[in-house]
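Report on the structure given below.
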Amino acid sequence: MTLHVKGMKIGAHGGLNGQAPRCDHAGGPMAAVLGAPECAPCLALGLTWTRLLVCVTCGWVACSDDSPGGHAKAHYQETDHPVVASLDPDTTWRWCYAHDRALDS
């Protein structure tokens, strides 16, 4: 679908009635062994993190986007591994960087 806004053509990513497109990245359990519960790049730079996320593709642990380093998103940009999960044991929260949205568990 293409939107026409003030003479510009903008690609729309939504579906009918505002439905988000299906995310094929969400399926399956974590495919890798988790790394250490720390953000190695933050430790090397002397930064602290807000929260830690784990890449469900390879197990890389990195800080969240709201941390000073934003290393989980940087990992996605370098590897194209789209889904991260929270390391918080009380949640099943996952995020898909490819679709820029939270995923149902």
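Counting only strands (runs of 3 or more DSSP E) that sit wholly inside region 60-105, those with at least 2 residues that are at pLDDT 95 or above and in contact with a helix residue (DSSP H, G or I) (Cβ under 6 Å, 6 or more places away or on another chain) are 61-63.
Looking at A44, is it modelled with pLDDT of 95 or more and in contact with a helix residue (DSSP H, G or I) (Cβ under 6 Å, 6 or more places away or on another chain)? Can you show your working first?
Values: modelled with pLDDT of 95 or more: yes; in contact with a helix residue (DSSP H, G or I) (Cβ under 6 Å, 6 or more places away or on another chain): no.
So A44 does not fit the description; no.
Just one of the listed residues (P29, P21) is under 11 Å from A85 (Cβ atoms) and at pLDDT below 70, namely P29.
One line per residue, one yes/no per condition, for (1) surrounded by fewer than 16 Cβ atoms within 10 Å (Cβ to Cβ); (2) on the phi > 0 side of the Ramachandran plot:
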position	(1), (2)
W60	no, no
G69	no, no
A74	yes, no
T79	yes, no
T91	yes, no
R94	no, no
Y97	no, no
D100	yes, yes
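Would you check which residues across region 36-55 are in a strand (DSSP E or B) and in contact with a Leu (Cβ under 8 Å, 6 or more places away or on another chain) and list them? Within region 36-55, L52, L53, V54 qualify.
A search for C-beta distances below 6 Å between a residue of region 33-45 that is surrounded by 14 or more Cβ atoms within 10 Å (Cβ to Cβ) and of a type in the set (A, V, I, L, M, F, W, C) and any residue that is part of a helix (DSSP H, G or I) and at pLDDT 95 or above, counting only pairs 6+ apart in sequence or on different chains, returns C39/H71.
The values are calculated or read from the model by the stated rules, or taken from the named source; none is laboratory data. Model, not experiment: these values are computed from the prediction. Backbone-built Cβ (ideal geometry, glycine too); neighbour counts: all protein chains shown.
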